[in-house]
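**Student:** Below you will find the structure I want to go over with you.
Nothing in this text is a laboratory measurement; each read-out follows from the coordinates by a stated rule. Keep in mind that this is a model prediction, so the values were computed, not measured. Note that we place each Cβ from the backbone using ideal geometry, even for glycine, and neighbour counts take in every protein chain shown.
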Amino acid sequence: MSSETETLFTLLRQSAEPAVADAIESLVREAPDRDLCRVNALAFATRHGFGEEAVIAAFLHASRLGIFELAWNVLCPGCGGVLETGTSLKSVNRAEYACAFCATGYEPTLDEMVEVTFTVSPRVRKIAAHDPDTLPMTEYTRQIFFGSGLDLPEGEEALRQMFEEILLEAVELPPGAQAILSLQLPAGFVIVFDPVTHATEFIDVKGEPTRERQALSVILNKVYTPTGTTVMRPGNLRISFENRTEQRALPGVWLANEELHAFFAKRRPFLTAKRLLTNQTFRDLYRTDTLDVDQRLKITSLTFLFTDLKGSTELYERIGDLAAYDIVKAHFRILHEVVASEAGAVVKTIGDAVMATFPTPDGAVAAALRMREAVHELDPGLTLKIGIHEGPCLAVMLNERQDYFGQTVNIASRVQNLAMSRSIYATGPVVAHSSASRILELSGIRPVPQQHMLPGIANQVAVYEIP
């Protein structure tokens with residue numbers, strides 16, 4: 001490892017947890033190439049016994065230093081394949097993404113369709129995935145085609161054996177080359193698919209076996225065209241491939257059998273775009289370069305927490321401007337620390353108010369309970385008004401920063417306005433969340449159900465007072 005790289009890891013240890021930084025350095029030094037391509041941060045945390053937030057923060061700092069390259073990958077929910085990849089969330093700019101392998105189109109959402117992965121920079125260590133054309137088909141499929149959420153065997157031999165159950169034949173085709181593949185078609189559904197160009201042909205093999213030679217011609221290019229299904233009979237098939245791209249292609253004949261469905265079903269958690277956008281370290285490091293001004297990306301579920309400080313005006317009169325300012329400033333620091341420790345992020349502050357987001361309601365509830373006590377300890381004369389709501393929203397750019405828009409945000413803000421005492425107010429979806437409910441139960445708190453008409457909201461909203 002060069003002295004320049006040694007310096008980068010020294011800097012990483014200064015900004016990330018040292019133990020996590022050491023583990024990442026060991027990964028870069030010792031791991032096989034495949035483990036350094038599209039690293040799944042959550043799987044890394046599990047493997048080493050680290051907290052997920054600490055690992056996410058460390059990989060973000062490592063990317064900012066140039067040790068890793070951060071990628072945003074649009075995934076097919078069906079097969080887990082990467083439909084498109086980019087170095088910025090700005091690249092997710094289509095209304096629909098189509099998976100040729102699954103023959104299905106999807107409207108992109110940031111919850112489970114966009115993953116964030118980390119690949120070691122070539123300036124730190126050169127790996128085979130930096131030149132994908134050098135990868136054998138099994139490793140190309142693992143490292144380049146599939147996302148990090150597919151739980152595949154670690155070793156190359158184990159993956160090859162798994163492919164033997166779902167792949168009849170395959171061929172490596174250089175740019176501009178042609179090839180002929182001859183094979184015996186079994187009864188069932190067969191997919192001719194190239195993981196490089198995503199060119200696809202479907203074959204429904206049924207009826208009596210035939211001795212006649214059947215033929216199929218497949219053109220490999222970068223143009224996605226929906227394809228129908230060709231009906232053939234069990235027996236000999238001759239496939240003519242022509243690669244009209246400037247890349248090597250890897251067309252194969254896949255069996256759409258139980259083994260293939262079991263292959264796709266092997267999933268593990270991965271770092272979603274939604275989770276990264278509501279991560280405090282990410283917001284601190286990537287303040288403005290997240291979305292384009294005209295982008296509107298859907299999130300199907302995000303939890304919003306709004307706070308406002310009641311009693312600050314009286315505080316200035318009671319103890320003077322300078323001392324009061326220090327306390328209000330300390331209150332903001334406490335809120336930021338609590339939000340970050342519960343896997344959330346502060347989106348913005350307005351006056352004495354804070355808007356924060358969390359991937360799930362339990363983080364917001366845990367943060368709210370801690371905030372309430374911390375501010376009371378800071379000054380008993382202050383009351384923190386807190387409102388929480390969960391639901392769908394849009395990730396947008398407002399005032400040159402990544403923000404959120406939608407009715408969920410409006411309701412969360414209005415719920416906070418209901419809080420006039422130490423009680424926290426949360427909507428039904430928040431209190432009904434199993435983990436959030438468990439937190440309240442362990443705290444000995446029983447939410448009190450209410451119904452409220454909120455300004456600008458047509459129907460009554462079920463709201464719970466958390467005393």
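**Student:** Looking at 136, 14, 261, which one has the Cα that reaches farthest to the positive end of the dipole of the chain (charges on Cβ: Lys, Arg +1; Asp, Glu -1)?
**Tutor:** Among 136, 14, 261, the one farthest towards the positive end of the dipole of the chain is 261.
**Student:** Could you order peptides 14-22, 448-456, 53-61, 134-142 by the average number of other Cβ atoms within 10 Å of their residues, highest first? Before the final figure, lay out each step's value.
**Tutor:** On the way: 14-22: 17.1, 448-456: 11.6, 53-61: 23.6, 134-142: 19.3.
Ranking, from highest mean packing down: 53-61, 134-142, 14-22, 448-456.
**Student:** Additional query: Length gain on complete extension for the stretch residue 64 to residue 6, per 0.36 nm per residue less the alpha carbon to alpha carbon distance?
**Tutor:** Roughly 19.3 nm would be gained on extension.
**Student:** So if R0 is 25 Å, what FRET efficiency would residue 206 and residue 112 give, r being the distance between their Cβ atoms, rounded to the nearest 0.05?
**Tutor:** 0.15
**Student:** Taking 7 Å along the Cα-to-C-beta vector as the label spot, tell me the residue 151-residue 221 distance in nanometres, rounded to one decimal.
**Tutor:** 4.1
**Student:** Right, next: Of all GluC sites (Glu not before Pro) in the stretch 226-327, which ones are in loop regions per DSSP and have a Cβ with at most 12 other Cβ atoms within 10 Å? Show your work: numbers first, answer last.
**Tutor:** Working: sites: 242, 246, 258, 259, 314, 317; in loops: 246.
Hits after loop and neighbour filter: 246.
**Student:** Measuring from label point to label point, each 7 Å out along Cα→Cβ, what is the residue 130 to residue 313 span in nm?
**Tutor:** With each label point 7 Å from Cα toward Cβ, the separation is 6.2 nm.
**Student:** Express in nm, to one decimal, how much length is gained between residue 401 and residue 465 on full extension, taking 0.36 nm for each residue of separation and deducting their alpha carbon distance.
**Tutor:** Additional length available on full extension: 19.8 nm.
**Student:** Sticking with this one: Quick check on the stretch 3-146: take the gyration tensor over C-alpha atoms, sort the square-rooted eigenvalues as a ≥ b ≥ c, and tell me if it's rounded (a/c under 1.5), prolate or oblate.
**Tutor:** In terms of gyration-tensor shape, prolate.
**Student:** On to the next question. Determine the alpha carbon to alpha carbon distance for each of 90/385; 310/348; 90/329 and list only those over 29 Å. Please report the intermediate quantities before stating the final value.
**Tutor:** Details: 90/385 35 Å; 310/348 18 Å; 90/329 34 Å.
Flagged as over cut-off: 90/385; 90/329.
**Student:** Grab the beta carbon distance between residue 296 and residue 169, set R0 = 56 Å, and tell me the FRET efficiency rounded to 0.05.
**Tutor:** So, using R0 = 56 Å, E works out to roughly 0.80.
**Student:** Another question, if that's okay. Scan the stretch 186-277 for trypsin sites (Lys or Arg not before Pro) in coil per DSSP, keeping those whose Cβ has at most 16 other Cβ atoms within 10 Å, and list them by number.
**Tutor:** 206, 222, 244, 266
**Student:** Write out the trypsin sites (Lys or Arg not before Pro) in the stretch 337-427 meeting two conditions: DSSP loop, and at most 16 other Cβ atoms within 10 Å of their Cβ.
**Tutor:** Details: sites: 348, 370, 372, 385, 401, 414, 422; in loops: 422.
For trypsin sites (Lys or Arg not before Pro) across the stretch 337-427 that sit outside H, G, I, E and B with at most 16 neighbouring Cβ atoms in 10 Å, the list reads 422.
**Student:** Quick check for me: using +1 on Lys/Arg Cβ and -1 on Asp/Glu Cβ, what's the dipole size of the chain about its Cα centre, in debye to the nearest 20?
**Tutor:** Dipole magnitude for the chain comes out near 640 debye.
**Student:** Tell me which of 417, 327, 439 sits at the most positive position along the dipole axis of the stretch 281-466, charges placed on C-beta atoms (Lys, Arg +1; Asp, Glu -1).
**Tutor:** So the residue we want is 439.
**Student:** If R₀ is 56 angstrom, what is the calculated FRET efficiency for the pair residue 262 and residue 443, using the beta carbon separation as r and rounding to 0.05?
**Tutor:** 0.85
**Student:** Quick one: grab the alpha carbon gyration tensor of the stretch 302-449, order the square roots of its eigenvalues as a ≥ b ≥ c, and give me rounded if a/c is under 1.5, else prolate or oblate depending on whether a/b is larger than b/c.
**Tutor:** oblate
**Student:** Given 0.36 nm per residue, what is the gain on full extension from residue 15 to residue 245 after removing their alpha carbon distance, in nm? It would help to have the intermediate numbers written out before the result.
**Tutor:** On the way: separation 230, 0.36 × 230 = 82.80 nm, distance 4.36 nm.
In short, 78.4 nm is gained.
**Student:** Local charge sum around residue 38 (other residues, Cβ-Cβ under 11 Å, Lys/Arg +1, Asp/Glu -1)?
**Tutor:** So the surrounding residues net to -1.
**Student:** While we're looking at this one, here's another question. In deg cm²/dmol, rounded to 500, what helix-only [θ] at 222 nm does the chain give when every DSSP H run of at least 4 residues adds -39500 (n - 2.57) and the total is split over its residues?
**Tutor:** Helices in the chain give a 222 nm mean residue ellipticity of -9500 deg cm²/dmol.
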